[in-house]
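Asker: Here's a structure for you.
The values are calculated or read from the model by the stated rules, or taken from the named source; none is laboratory data. Keep in mind it's a predicted model, so treat the numbers as computed, not measured. Here the Cβ is made from the backbone with ideal geometry for all residues, glycine too, and neighbour counts use every protein chain on show. For accessibility, only protein heavy atoms count, side chains too; no ligands or nucleic acids. Shrake-Rupley method; radii C 1.70, N 1.55, O 1.52, S 1.80 Å.
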Amino acid sequence: MIPEIGHFALILALCVAVVQGVVAIAGAQLGIRSWMVMARPAAQVHFILVAVSFVCLMYAFIYNDFSVEYVASVSNSMLPIQYRIAAIWGGHEGSLLLWALLLAIWTMAVARYSRNLPLDMVSRVIGVMGLISVGFLMFMLFTSNPFDRLLPAALDGRDLNPLLQDPGLIFHPPLLYIGYVGFSVAFAFAIAALLSGRMDATWARWSRPWTTIAWSFLTAGIALGSWWAYYELGWGGWWFWDPVENASFLPWLVGTALVHSLAVTEKRGSFKNWTILLAIFTFSLSLLGTFLVRSGVLTSVHAFAVDPERGVFILGFLVVTIGTSLALFAWRAPKVGLGGRFSLVSRETFLLMNNVMLVVAAGAVLLGTLYPLLLDSLDMGKISVGPPYFDAVFLPLMVPMIFLMGLGPLARWKQADLPDMASRMKWAAAVSLVMALILPFVMGEWFALTSLGFALAFWIVSSIVVSMSERLRKTASNNPGAGLLARIAGLPNSYLGMNVAHVGVAVFIMGVTMVNTYEVEKDMRMEVGDTVTMSGYTFRFDGVTEVEGPNYTASRGQILVTVDDETEAVLFPEKRVYFVQTMPMTEAGIDSGLFRDLYVSLGEPVGNGAWSVRVYYKPFVGWIWGGTFLMAIGGLFAVSDRRYRLASRKRKAQKKTAGQTATDPSVADQATAPVQSMERE
Amino acid sequence: MRSLTVGIVLLCLLVFVPLAFAKEAEYMVADPEMEKTVNEISAELRCLVCQNQTIADSNAPLAVDLKNQVRDMVESGQSQSDIIDYMVERYGDFVRYRPPMNASTMLLWVGPFLLLLIGVVVLVVNLRKRTAVIKNDEDLSVEENERLQRLLAAESSPQVAKRGNSSSQKAGEEKS
Amino acid sequence: MLRYLVPLIVFLGVAGFLLKGLELNPREVPSPFIDKPAPSFSLPKLHEPEAQFASKDMLGQVWLLNVWASWCVACRSEHPLLVQLSRANIVPVYGLNYKDEPDDARNWLRELGDAYVSSLIDYEGKVGIDYGVYGVPETFVIDKQGIIRHKVIGPVTPSALDNCVLPLVRKLQQATAQTVVKRTEVEGCV
């Protein structure tokens, strides 16, 4: 009965989404107010229905209802409760429902936090998101219904893929999807702007915080996935250029371009067309990722069960959604104004260069990902494009971009002066050069690429130091006597957030450079009591014991790590065999530290109680994810900037001082003053 | 609590593990230096039966066989290109994760840099054209900014929002 | 203006390829050996392990080499068809017993019937690698000059047999040393 309620709620949600999409947009286009006001309540009802459906599926999972085909295919009664819940998005159908749920939540959020937007804009945005939801709900109901019954019911489920039975599954897909789906807000704003014909700076200001939030979540989601692969797959790799990884990286690259381009459009009114196009691209690439994962056109470790019928459906949805948007763009874009004037050397140009680099990088990843498909469909042979290609192509594109990343924030809007910038940056350049030359020798060995990596990381950091100190010097006169920290805290959050994110990039580069150059790996045959020493750490193998997990048995190795006879860590790498799918899984034993990870994975027994054991010393590897999380945090921090909260604060203030209307010029001036002062900085 | 568990474990270790046995572990392979070469070559080769993994990363039987084949060939002194050629002869270009440079993959290898070139050219051309079009130094963004402030201020009270809506539409038409 | 249409056109192009891609199987690897000489090998026979079979002995005949193993589930499904084929006496079928225990293999044949003129023990899988085998079963069609003319990946199905393998075999059998027959001449093979 419960699954039928879920199914029915989904059907109702589809009906509501149709109303939400069609009536709201039609109302806005025709100027019918009573239709426009329906947008918000429709979004709420839509959310409630999808949520009911999601809860019903969750109920089926928690109570092991194996008469539901999807539950029977990805769950099992022995599966621990947290994984039974996470198993909801462990397969194709349920992960679609999560998509739909998150879309409904984002729509709700837009409806809730857009009180200060014109009604027609809000209805268009909510309407566009409703139409996207229509596509996904139809896809689910027609090809991939998670509530389909299995008659007779299975006695037990086929279990969740052991690879997925990890805390990573609980957090990684939801974070990633929040990001993917979040870009639909930027997309919806762009489409709304195109529909209304008002493609000015205002839409950029409205959609910018939403985009940055989505971007932050996507960043965190990708980082978490990478970390998960690192500890789960047993050899400590953290990025594999797998098609599905690429599918999440593509919207990230273009989304990063969008976040920067929105800044220009908002502040200077320039690149309006370009920004709209980027917003369309970003979400389109999120959709393309969905297609690639679910249609079986590419092989990947992440791919869901292959079904060409689903592929045709999503492709159709893709063509309708993206095709219509791009056609709309081609129709409206020629009428858009150019925005403010700026010279060839200016922050605008730097940001445009950043955009070109990021989009070209995305183009390269897309080309590499789709090229095998392209050749095959032209019957020109089968090839594979893998990590060696992407490494070879991606790096040369990123180096100039990171160089510009140091310069951009220091350049002035409208017109920058190159000699002036050169003199401001000379210390930063010197510091990064010196560090690039010295650091490799401190670490042990010099390589050209390693030096380049260090140079770029220090270039970013030192350019931020230059920028911050210039800013602080300016504000020093405003509040003399304040401490350094207080003065830093006095800087706008958006500026601080940007710097945190940029420092994150530097930290990330540092981690990648270090671990790629100075990692030590040894593949040993270890008997009980055997030791192996690397980089000052002595690993002693203390044997293997059999342990029982809730739904698996494991051989658990024990390894004592000492430094100068002092215990540093005890590691427990495991080799698990899960009962249902009898798949051997490795669980690495890791001791994470700020400056290094010690990573041990258990191989096979090789006779006489000896095991093959892989031991790694991975310097700075944690910085890879640390840096990425800094980027995400920087993004969220930037959104907390007070100018985005201004309107709501003022609204509260207004409730207190009732009677004073917003048209009162004094109130309006107070509210806008800080914004304007920031524009000029 | 955790440290207690670790302590008990350590205690057990002291009892059960004959420490006098401690000796240097042996390498899994006879020649670790050579194994590096084997791994480097294996990382370029695709495991054909896996979803998407190199034969270095995969534990599938075929991957293990192919890696042994690579090891045999390295031992017999063949170069990386010999070994890759051997694999390509048998499994086609599909087995290489680094696609060969030829007529059909030219676009793949040159594409990204071609894109960069196009991107930069389009950017420069557009910027020049743009500067030429906006001759007089009118700062549109100031005007837009003012309107933005007007909107933001006006819309924060619900009843004014209705008005803000229609007026903003007009403003938009003026602009386009 | 045309340049605003560029994104749309590019996207539609990509979508076209994706549509085409839906019909393709990304995991099927075509053999680079088609129309190339079959690697020569010499292996012990399954039923008389002391006797060797040399592939060059087959020169002058069209023959099939079927890669199989007792641990292979799909082989079980294709085997009855192979048994039928061998009874029809159209073309000799040899088995390459790939990475299998000879005892298991012999039991398996006893149970399901022996479709092969002879099965050859490739215990280490070295010949398999030499032939670019990446999954079991696979079936090679080899002509009189010892050139591989076709490879069936996965189990041989009745339609693949009737529409491709048998017509191709007949053409190859009729061919002389001077006439080259390629699989492209048989509709069902392409």
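Asker: Just name the residue that is most open to solvent (accessible area, probe 1.4 Å) out of those in region A:108-134 that are polar (S, T, N, Q) and over 19 Å from residue A:29 (Cβ atoms). If you could, list the steps in order and put the result at the bottom.
Answerer: Within region A:108-134, the first condition is being polar (S, T, N, Q), and the residues that meet it are A:114, A:116, A:123, A:133.
Then drop every residue that is not over 19 Å from residue A:29 (Cβ atoms), which leaves A:116, A:133.
On the way: A:116: 23, A:133: 1 Å².
Restricting to residues being polar (S, T, N, Q) and over 19 Å from residue A:29 (Cβ atoms), the top hit is A:116.
Asker: Since residue A:503 meets every condition but one in (1) open to solvent by less than 20 Å² (accessible area, probe 1.4 Å); (2) at pLDDT 90 or above, which condition does it not meet?
Answerer: It fails just one condition, (1).
Asker: So, one more: Taking region A:1-55 as the search range and keeping residues that are of a type in the set (D, E, K, R) and more than 32 Å from the chain's Cα centre (by Cα), which one is least open to solvent (accessible area, probe 1.4 Å)? Give the derivation first.
Answerer: From region A:1-55, those of a type in the set (D, E, K, R) are A:4, A:33, A:40; that's our starting set.
Among the residues that remain, those that are also more than 32 Å from the chain's Cα centre (by Cα) are: A:4, A:33.
Working: A:4: 81, A:33: 117 Å².
My answer is A:4.
Asker: State whether the residues of region A:357-380 include one that is touching a strand residue (DSSP E or B) at 6+ places or on another chain (Cβ under 7 Å), within 12 Å of chain B (Cβ to nearest Cβ) and within 30 Å of residue C:24 (Cα to Cα). Before the answer, list the steps.
Answerer: The initial filter retains those residues of region A:357-380 that are touching a strand residue (DSSP E or B) at 6+ places or on another chain (Cβ under 7 Å), namely none.
Within region A:357-380 (the criterion being touching a strand residue (DSSP E or B) at 6+ places or on another chain (Cβ under 7 Å), within 12 Å of chain B (Cβ to nearest Cβ) and within 30 Å of residue C:24 (Cα to Cα)), the answer is no, since none of the residues qualifies.
Asker: Right, next: Are there any pairs with C-beta distances below 7 angstrom linking a residue in region A:91-110 that is closer than 17 Å to residue A:16 by Cβ and among the polar types (S, T, N, Q) to a residue that is open to solvent by less than 10 Å² (accessible area, probe 1.4 Å) and assigned to a helix (DSSP H, G or I), with the two at least 6 apart or on different chains, and if so which?
Answerer: A:107/A:43; A:107/A:46; A:107/A:126; A:107/A:129
Asker: With respect to the numbered conditions (1) under 24 Å from residue A:345 (Cα atoms); (2) open to solvent by 60 Å² or more (accessible area, probe 1.4 Å); (3) assigned to a helix (DSSP H, G or I), which one is the sole condition not fulfilled by residue A:470?
Answerer: If we test residue A:470 against (1) under 24 Å from residue A:345 (Cα atoms); (2) open to solvent by 60 Å² or more (accessible area, probe 1.4 Å); (3) assigned to a helix (DSSP H, G or I), just (2) comes out false.
Asker: Taking the options A:150, A:98, A:155, A:131, name whichever one is under 30 Å from residue A:230 (Cα atoms), away from chain B (no Cβ under 14 Å) and aliphatic (A, V, I, L, M). Full working, then the answer.
Answerer: Numbers: A:150 fails: under 30 Å from residue A:230 (Cα atoms); A:155 fails: under 30 Å from residue A:230 (Cα atoms); A:131 fails: under 30 Å from residue A:230 (Cα atoms).
A:98 is the lone residue from the list that is under 30 Å from residue A:230 (Cα atoms), away from chain B (no Cβ under 14 Å) and aliphatic (A, V, I, L, M).
Asker: Here's another thing I want to ask about it. Among the residues of region A:196-207, is any within 21 Å of residue A:630 (Cβ to Cβ) and either of a type in the set (Phe, Trp, Tyr) or surrounded by 24 or more Cβ atoms within 10 Å (Cβ to Cβ) (or both)? Break it down stepwise before answering.
Answerer: We begin by selecting, within region A:196-207, every residue within 21 Å of residue A:630 (Cβ to Cβ); these are none.
No, region A:196-207 contains no residue that is within 21 Å of residue A:630 (Cβ to Cβ) and either of a type in the set (Phe, Trp, Tyr) or surrounded by 24 or more Cβ atoms within 10 Å (Cβ to Cβ) (or both).
Asker: How many of the residues making up region B:24-56 are in a helix (DSSP H, G or I) and either open to solvent by 10 Å² or more (accessible area, probe 1.4 Å) or facing chain A (nearest Cβ under 7 Å) (or both)?
Answerer: Looking only at region B:24-56, we keep the residues that are in a helix (DSSP H, G or I), and these are B:32-42.
Checking the rest, the ones that are also either open to solvent by 10 Å² or more (accessible area, probe 1.4 Å) or facing chain A (nearest Cβ under 7 Å) (or both) come to B:32-37, B:39-40.
Within region B:24-56, residues that are in a helix (DSSP H, G or I) and either open to solvent by 10 Å² or more (accessible area, probe 1.4 Å) or facing chain A (nearest Cβ under 7 Å) (or both) number 8.
Asker: Count, please, the residues in region A:381-398 that happen to be more than 7 Å from chain B (Cβ to nearest Cβ), over 17 Å from residue B:52 (Cα atoms) and among the hydrophobic types (A, V, I, L, M, F, W, C).
Answerer: At the first step, the residues of region A:381-398 found to be more than 7 Å from chain B (Cβ to nearest Cβ) are A:390-392, A:394-396, A:398.
Imposing the further condition that a residue be over 17 Å from residue B:52 (Cα atoms) reduces the set to A:392, A:394-396, A:398.
Adding the requirement that they be among the hydrophobic types (A, V, I, L, M, F, W, C) leaves A:392, A:394-395, A:398.
Residues that pass the stated criteria total 4.
Asker: Do we have any residue at all in region A:481-496 that's among the polar types (S, T, N, Q), surrounded by 15 or more Cβ atoms within 10 Å (Cβ to Cβ) and under 22 Å from residue A:634 (Cβ atoms)? Lay out the reasoning, then the answer.
Answerer: Restricting attention to region A:481-496, the residues satisfying the condition of being among the polar types (S, T, N, Q) are A:493-494.
This time we only want the ones that are surrounded by 15 or more Cβ atoms within 10 Å (Cβ to Cβ), so: A:493-494.
Among the residues that remain, those that are also under 22 Å from residue A:634 (Cβ atoms) are: A:493-494.
The answer is yes; a qualifying residue exists.
Asker: Kindly state which strands (runs of 3 or more DSSP E) lie completely within region C:72-190 and contain at least 1 residues that are closer than 21 Å to residue C:39 by Cβ and polar (S, T, N, Q).
Answerer: Working: elements: C:93-98, C:118-122, C:138-142, C:147-153.
Strands (runs of 3 or more DSSP E) meeting the threshold: C:93-98, C:118-122, C:138-142.
Asker: Being over 30 Å from residue A:162 (Cβ atoms) and either more than 9 Å from chain B (Cβ to nearest Cβ) or open to solvent by less than 40 Å² (accessible area, probe 1.4 Å) (or both) is true for just one of A:545, A:553, A:517. Which residue is that?
Answerer: Values: A:545 fails: over 30 Å from residue A:162 (Cβ atoms); A:553 fails: over 30 Å from residue A:162 (Cβ atoms).
Exactly one of A:545, A:553, A:517 is over 30 Å from residue A:162 (Cβ atoms) and either more than 9 Å from chain B (Cβ to nearest Cβ) or open to solvent by less than 40 Å² (accessible area, probe 1.4 Å) (or both), namely A:517.
Asker: For residue C:73, state whether it is of a type in the set (Val, Ile, Thr) and open to solvent by 10 Å² or more (accessible area, probe 1.4 Å).
Answerer: Values: of a type in the set (Val, Ile, Thr): yes; open to solvent by 10 Å² or more (accessible area, probe 1.4 Å): yes.
Yes.
Asker: All but one of (1) surrounded by fewer than 19 Cβ atoms within 10 Å (Cβ to Cβ); (2) more than 14 Å from chain B (Cβ to nearest Cβ) hold for residue A:411; which doesn't?
Answerer: (1)
Asker: Could you list all residues from region C:81-136 that are open to solvent by less than 10 Å² (accessible area, probe 1.4 Å), of a type in the set (Asp, Glu) and out of contact with any helix residue (DSSP H, G or I) (no Cβ under 9 Å at 6 or more places or on another chain)?
Answerer: Correct list: empty.
Asker: Tell me, which strands (runs of 3 or more DSSP E) lie completely within region A:494-548 with 3 or more residues that are touching a residue at least 12 places away in the same chain (Cβ under 8 Å)? Give the derivation first.
Answerer: Details: elements: A:520-526, A:531-534, A:537-548.
Correct list: A:520-526, A:537-548.
Asker: Follow-up. Considering every residue within region B:103-125, establish whether at least one is touching a Pro at 6+ places or on another chain (Cβ under 9 Å), of a type outside the set (Ser, Thr, Tyr) and within 17 Å of residue C:134 (Cα to Cα).
Answerer: No: region B:103-125 contains no residue that is touching a Pro at 6+ places or on another chain (Cβ under 9 Å), of a type outside the set (Ser, Thr, Tyr) and within 17 Å of residue C:134 (Cα to Cα).
Asker: What pairs come up if the first residue lies in region B:104-126 and is closer than 14 Å to residue A:359 by Cβ, the second is modelled with pLDDT under 95 and open to solvent by 80 Å² or more (accessible area, probe 1.4 Å), and their beta carbons are under 9 Å apart, counting only those six or more places apart or on different chains?
Answerer: Close Cβ pairs satisfying both conditions: B:114/B:107.
Asker: Also, quick follow-up: Identify all residues within region C:1-59 that are among the aliphatic types (A, V, I, L, M), in a helix (DSSP H, G or I) and more than 17 Å from residue C:141 (Cβ to Cβ); write none if there are none.
Answerer: Restricting attention to region C:1-59, the residues satisfying the condition of being among the aliphatic types (A, V, I, L, M) are C:1-2, C:5-6, C:8-10, C:12, C:14-15, C:18-19, C:22, C:24, C:29, C:34, C:38, C:43, C:46, C:51, C:54, C:58-59.
From what is left, the residues that are in a helix (DSSP H, G or I) are C:2, C:5-6, C:8-10, C:12, C:14-15, C:18-19, C:22, C:58.
Of everything in region C:1-59, those that are among the aliphatic types (A, V, I, L, M), in a helix (DSSP H, G or I) and more than 17 Å from residue C:141 (Cβ to Cβ) turn out to be C:2, C:5, C:6, C:8, C:9, C:10, C:12, C:14, C:15, C:18, C:19, C:22.
Asker: Which residue is farthest from residue A:259 (Cα to Cα), if the candidates are limited to region A:327-379 and must be outside any helix (DSSP H, G or I) and at pLDDT 85 or above?
Answerer: Taking region A:327-379 as the starting set, the residues that turn out to be outside any helix (DSSP H, G or I) are A:336-346, A:378-379.
Checking the rest, the ones that are also at pLDDT 85 or above come to A:346, A:378.
Values: A:346: 18, A:378: 37 Å.
By that ranking, first place goes to A:378.
Asker: From the set of residues in region B:68-86 that are surrounded by fewer than 17 Cβ atoms within 10 Å (Cβ to Cβ) and of a type in the set (S, T, N, Q), which is nearest to the other protein chains (Cβ to nearest Cβ)?
Answerer: B:68
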